[in-house]
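All remarks here apply to the structure that follows.
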Amino acid sequence: MGFDQYHEPPEELSPEIRTRARLFASLTEEAEAIGWYDQRMSLEPDAEARAIMEDAQGEEFKHFCMDLEFLLRRLPRWREIAEGVLFQEGDIVEHGEAAEAASGDGGGDGGSAAGESTTSSLGIAGLKGAGL
């Protein structure tokens, strides 16, 4: 079994980072499977076979959501950003920029301790539409 989800020596990574790497890999696998089912269903002429594939795709989506929720429970700033983007009406990009700015997230992994700042933002997100 390969461990290509690691970009650093696994033995040097904390258990929390290794767990997150597994969940990130799982998210990718679930998203790929969802896409594969989309392709299969778009071409499948047999309604019963297509219904079975739709059911299987639903399982993949459930697993994707479970993986994502696991990560969001452990990465509070990510959760804050997600809450500002998901299930909102209007411009997705604008919601994303506003949520990121409100979280103080400068693009870090969100894995720092509470109160610890890892913001590397140049503060330019708020300049959008400022007529500059």
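All of the numbers you see were taken from the coordinates with simple rules; none came from a lab. Only a predicted model underlies this, so the values are computations on that prediction, with no experimental measurement involved. Cβ coordinates were reconstructed from backbone atoms using ideal geometry, including for glycine residues, and neighbour counts include every protein chain displayed.
Overview of values
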| read-out | value |
| --- | --- |
| Hits in region 22-56 (condition: surrounded by 14 or more Cβ atoms within 10 Å (Cβ to Cβ) and not in a helix (DSSP H, G or I)) | E44 |
| Filtered residue count, region 3-16, keeping only those that are in contact (Cβ under 8 Å) with a residue 12 or more places away in the chain and either within 17 Å of the chain's Cα centre (by Cα) or part of a helix (DSSP H, G or I) (or both) | 2 |
| Matching residues in region 4-38 - criterion: being closer than 30 Å to D55 by Cα, among the aromatic types (F, W, Y) and touching a helix residue (DSSP H, G or I) at 6+ places or on another chain (Cβ under 8 Å) | F24, Y37 |
